[in-house]
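Asker: Starting off with a structure, shown below.
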Amino acid sequence: MSRELEKIYSPADTEEKTYQFWLDGGYFHAEPDSKKTPYTIVMPPPNITGQLHMGHALDNTLQDVLIRFRRMQGYSALWLPGTDHASIATEAKIVEAMKKEGLTKEDLGREKFLERAWAWKETYGNRITAQLRKMGSSCDWDRERFTMDEGCSAAVREVFCRLYEKGLIYRGERIINWCPHCLTSISDAEVEYEEKPGHFWHIRYPFADGSGYLVLATTRPETLLGDTAVAVHPDDERYQHLIGKELVLPCVGRKIPVIADTYVEKDFGTGAVKITPAHDPNDFEVGLRHDLPIINVMTDDAHINENGGEYCGMTAAEARVAIVERLDREGFLEKIEEHTHNVGTCYRCHTVVEPRVSMQWFVKMEPLAKPAIEAVRTGKTKFVPERFDKIFYNWMENIKDWCISRQLWWGHRIPAWYCEDCGELIVSRTDPDTCPKCGSKKLRQDPDTLDTWFSSALWPFSTLGWPEKTPELEYFYPTNTLVTGYDIIFFWVARMIFSGVEQMGETPFDTVYIHGIVRDAQGRKMSKSLGNGIDPLGVIAEYGADALRFTLATGNSPGNDMRFSEEKVRASRNFANKLWNAARFVLMNMGDKEIVGLPATFTAEDKWILSKYNTLVKEVTDNLEKFELGLAVAKLYDFIWDILCDWYIELAKIRLNAGGETADAALQVLVYVFRGTVTLLHPFMPFITEEIWQALPHEGDTIMTSPWPVWSEEFHFPGEEGDFEKLLEAIRGIRNRRSEMNVPNSRKARVLIETKFAKTFEEGAPFLCRLAYASEVQVADKVEADGAVTVITESARIFMPMDDLIDKAKELERLNRELAACKKDQAMLSGKLSNENFVSRAPAAVVETERQRLAGVEEKIKGLEQSIAALQ
RNA sequence: GGAGGCAUAGCUCAGUUGGUUAGAGCGCUCGCUUCACAUGCGAGAGGUCGUAGGUUCGAGUCCUACUGUCUCUACCA
């Protein structure tokens with residue numbers, strides 16, 4: 001890069017080529033290195049159906065900040081990227097696309113369908129990773145993985161077999177959530193509840209002996225076709241005498257018993273519940289307890305099946321109308337109430353799910369959950385912020401068995417075969433060709449695939465080569481930090497933890513850094529249906545990736561949602577531009593000169609900035625180590641803008657303008673601090689910092705691998721820093737007064753200073769001239785200056801003779817106002833310090849600061865009183 | 001039903017284990033074409049930190065209750 005920089009920073013010109021420069025240099029690649037400590041992050045794999053959205057942008061910004069920070073600290077830092085096959089989401093998209101061609105899955109057949117799916121993966125799978133590159137993500141692309149690649153598939157198969165062999169995977173007929181649109185079972189976690197208005201039908205079920213009827217209420221009257229009992233609470237006095245009697249099911253004519261079960265709530269509805277074991281999870285449980293028959297009345301696509309008699313072939317909705325109509329006609333309908341209730345819907349297509357009994361594969365959760373809970377409880381894995389461990393416990397402690405089979409084609413096929421001759425079930429790591437029991441060759445593989453989260457659960461170790469014992473697995477596992485949103489703690493994080501503990505004997509990561517979701521400027525969730533999504537790529541194109549990253553990292557505290565607005569991006573862009581212009585300034589002053597090292601002696605302002613910088617280094621490092629990214633970036637912002645640019649550069653201009661060795665010394669300090677600051681900022685704004693770093697004198701090939709700055713005793717100047725602040729306080733005071741009195745900057749004034757800190761102010765004279773518009777500066781123990789404009793600080797009385805501007809009455813009033821405020825402070829402070837409890841119990845350092853503060857205030861009061869006396 | 005978050009300037013949000021005078025961005029007011037930057041510079045106004053108690057020498061920060069608000073979870077037919 002040339003030393004001539006454009007006035008306005010233009011990210012579009014540089015980001016692409018900088019990223020390529022990093023790729024070419026292989027700086028993203030991490031290898032097991034015994035001389036270094038590993039630091040590993042596995043990327044939450046985005047879906048191959050996905051496009052980069054703000055959630056990804058946030059997630060990846062945080063990961064990249066952490067990985068770049070650790071890499072610069074000297075760790076062997078691996079950020080392992082990849083994508084997820086997302087079985088149900090991808091299959092749904094492909095089916096949808098086929099529909100436009102008038103095709104169904106069945107038309108194509110499994111094999112052809114999978115060909116299409118892989119073609120889809122080829123086309124769209126790389127789209128999202130290309131978009132991640134635009135963010136500046138420094139992942140090790142050499143190690144990119146896919147949940148259905150050979151290695152990950154082998155891991156899936158191994159885990160399935162292991163769990164099956166341990167009896168932790170079983171096949172059984174259970175009630176599951178069925179999506180009639182996706183035509184598959186889905187797990188409990190995949191059901192989303194939506195409040196919907198509905199009705200509460202009160203229906204009369206007549207007794208078989210003709211002795212009247214029992215009224216019960218239901219929201220799904222069509223399921224009466226599958227009723228096999230009516231339940232009442234055993235203690236319900238209204239119904240106790242009816243227990244054991246028989247009812248005749250309206251519309252159907254089948255006889256069903258009245259049973260007693262404590263599951264029934266006496267006070268809800270009529271206190272009598274129809275029991276449909278095949279189509280309601282609770283009824284299913286009741287059915288098991290009472291050994292009731294299970295009558296499935298629905299087909300896969302939510303039509304009534306042959307068990308529904310005359311209603312066979314109708315959709316559930318049609319059957320509902322027909323049945324209600326008939327109940328009414330035949331006098332079985334008592335009343336209809338309005339009733340809103342929560343209806344379970346499929347998280348992918350939002351079709352109302354039908355609970356139904358079917359044969360599925362399950363993971364037995366309790367034995368897996370326990371050690372996982374233990375791992376978090378003993379701190380082997382920590383959540384940041386901590387409160388999310390409660391959410392984790394809450395879920396893990398109430399976990400139900402996990403339905404893992406899906407009636408889908410895109411995914412890992414379940415490694416189970418059935419012998420068509422003897423019915424033997426074979427679960428195997430390799431495809432079997434003969435039945436081990438009867439020797440038959442007629443084997444049929446289970447048609448189902450696994451829940452997409454089954455493979456994601458293995459991601460932290462399957463991607464490192466497991467079940468092979470690779471050097472990578474040995475070195476990088478367990479990983480360090482998992483960065484993800486709180487919305488997938490159940491789906492993913494919890495499952496990774498128990499899988500890691502079970503398969504590897506170690507939790508997959510020591511820290512789970514949880515962030516919130518990115519909302520729009522009004523605080524609404526960004527969604528397709530609202531159309532309020534902001535495309536990160538559009539933001540990058542307009543403002544640059546650095547501005548986007550900076551925006552997402554700023555003011556974002558762990559676990560909390562954030563609002564995204566273009567104003568914030570503009571502020572970030574302006575900051576980048578500020579930094580850019582500071583760089584231009586430095587380079588302009590350097591010209592062709594070689595600036596290396598630091599001067600032999602430091603001036604007061606040098607010590608001041610070096611001391612401030614030293615503190616910044618420490619604090620930013622601490623913040624990053626504690627995952628306080630928002631705080632770290634805020635400190636960098638404040639330092640660069642308010643300390644470095646607004647003050648130090650302005651202070652340095654005097655020496656820079658002087659030229660020669662004086663200017664070189666100032667440049668040395670300026671370059672040192674500026675380069676260090678840019679280095680600290682690099683994890684947040686990688687592109688612009690690389691650009692600037694390359695233009696500054698530097699060692700090494702890239703800022704990416706330049707050493708992270710460390711706190712240094714050499715720059716520890718607390719006393720000098722404090723002294724210099726006295727001068728800055730005076731400059732601010734003078735500017736303030738001049739501004740209040742509307743004195744134009746062009747009108748210079750003599751500045752007379754009465755102070756005990758003569759050296760500081762004498763040496764500061766040039767700064768007072770340049771930054772406080774002094775024509776000359778005189779420093780003395782005692783100054784007589786009647787009628788001058790007066791500025792009183794805690795360390796000085798400052799006079800500017802500008803008689804024509806003085807209104808004595810006004811000046812008096814102002815000084816008295818200031819005096820009153822100081823006296824109030826004084827009273828508060830001396831009260832505090834004369835409080836025996838405070839002095840004895842508060843830490844000495846706190847008491848000391850308060851003492852100093854009081855001394856300062858009293859000094860100021862003295863000054864004010866003198867000036868007031870002089871005016872009177 | 002269960003759990004949790006949030007409530008701080010006009011708006012959006014920071015505020016790290018309790019410790020000076022509670023900060024920033026945007027917006028607002030006043031003044032600046034100062035030789036890095038008007039995507040800028042200087043100065044300023046604006047807050048009883050949701051309400052009521054409590055713990056403490058000291059509370060925006062910890063505890064309790066309440067109010068408002070958002071989310072997760074359960075799924076009463």
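The values are calculated or read from the model by the stated rules, or taken from the named source; none is laboratory data. This one's a predicted model, so the numbers in the text were calculated from it and none came from an experiment. Cβ: placed from backbone, ideal geometry, glycine included. Neighbour counts: every protein chain shown. Heavy atoms of the whole protein, side chains included, go into the accessibility calculation; ligands, DNA and RNA do not. Shrake-Rupley method; radii C 1.70, N 1.55, O 1.52, S 1.80 Å.
Asker: Quick check: the angle from helix A:54-72's long axis to the longest principal axis of chain A, C-alpha only, nearest 10 degrees?
Answerer: 60
Asker: Sticking with this structure for a sec: Suppose we keep just the DSSP beta bridges with both residues in region A:191-256; what percent of those would be antiparallel, to 5?
Answerer: Antiparallel bridges make up about 100 percent of those DSSP assigns within region A:191-256.
Asker: Now for a different question. Probe radius 1.4 Å, ligands and nucleic acids ignored: give me the carbon and sulfur share of the accessible area of region A:40-143 as a rounded percent.
Answerer: Carbon and sulfur together cover 51 percent of it.
Asker: Which of the three applies to chain A, rounded, prolate or oblate, going by the alpha-carbon gyration tensor with a ≥ b ≥ c and a/c under 1.5 meaning rounded?
Answerer: Verdict is prolate for chain A.
Asker: Another one. Give the whole-number value, in cubic angstrom per residue, of the convex hull volume spanned by the C-alpha atoms of region A:233-305.
Answerer: 110
Asker: Which Cα, out of A:534, A:488, A:499, lies furthest along the positive dipole direction of region A:479-551 (beta carbon charges, K/R +1, D/E -1)?
Answerer: Checked the options; the winner is A:534.
Asker: Within region A:584-710, what whole-number % of the accessible surface is contributed by carbon and sulfur, with the 1.4 Å probe and all protein chains included in the calculation? It would help to have the intermediate numbers written out before the result.
Answerer: Working: 2260 of 4470 Å².
The value for region A:584-710 is 51 percent carbon and sulfur by accessible area.
Asker: By its C-alpha gyration tensor, with a ≥ b ≥ c as the square roots of the eigenvalues, how is region A:512-570 shaped: rounded for a/c under 1.5, else prolate for a/b larger than b/c, else oblate?
Answerer: oblate
Asker: Where the centre of each part is set by its Cα atoms, how far does region A:798-872 sit from region A:686-722, in angstrom?
Answerer: 40
Asker: Please list, in order along region A:295-311, the HN-Hα scalar couplings obtained from phi with the Karplus expression 6.51 cos²θ - 1.76 cosθ + 1.60 (θ = phi - 60°), rounded to whole Hz, x for Gly and Pro.
Answerer: Those phi angles translate into 10, 7, 10, 10, 8, 3, 9, 6, 10, 6, 9, 5, 5, x, x, 5, 8 Hz.
Asker: In whole Hz and in residue order, list the ³J(HN,Hα) couplings for region A:335-349 that follow from phi through the Karplus curve 6.51 cos²θ - 1.76 cosθ + 1.60, θ = phi - 60°; x for Gly and Pro.
Answerer: Values per residue, Gly and Pro as x: 6, 10, 10, 6, 7, 9, 8, 7, 10, x, 10, 6, 5, 8, 10 Hz.
Asker: Continuing with the same structure: Express the accessible area of region A:255-392 per residue in Å², computed with a 1.4 Å probe while the remaining protein chains stay in the model.
Answerer: Details: 6910 Å² over 138 residues.
That works out to 50 Å² for each residue.
Asker: Just report the Cα centroid separation between region A:100-178 and region A:367-387, whole Å.
Answerer: The two parts, judged by their Cα centres, are 28 Å apart.
Asker: Using amide H atoms built in the peptide plane, which far-off residues or other-chain residues are under 5 Å from residue A:298 H to H?
Answerer: A:305
Asker: How much of the DSSP bridge set in chain A is antiparallel, in percent, rounded to the nearest 5?
Answerer: Here the share of antiparallel DSSP bridges comes out near 70 percent.
Asker: Tell me, what HN-Hα J-couplings in whole Hz come from the Karplus equation 6.51 cos²θ - 1.76 cosθ + 1.60 at θ = phi - 60° for each residue of region A:794-803, using x for Gly and Pro?
Answerer: Using θ = phi - 60°, the values come out as 6, 10, 7, 10, 10, 10, 10, x, 9, 3 Hz.
Asker: Next question. If amide H atoms are built 1.01 Å from N in the plane of the peptide, which residues on other chains or at least 5 residues away come under 5 Å of the amide H of residue A:750?
Answerer: Those lying under 5 Å, H to H, from residue A:750 are A:775, A:776.
Asker: Can you give the direction-averaged projected area of the convex hull of the alpha-carbon atoms in region A:525-646, in nm²?
Answerer: Average projection, Cα convex hull of region A:525-646: 10.1 nm².
Asker: If you average the C-alpha positions of region A:202-233 and of region A:640-675 separately, how far apart do those two centres end up, in angstrom?
Answerer: 88
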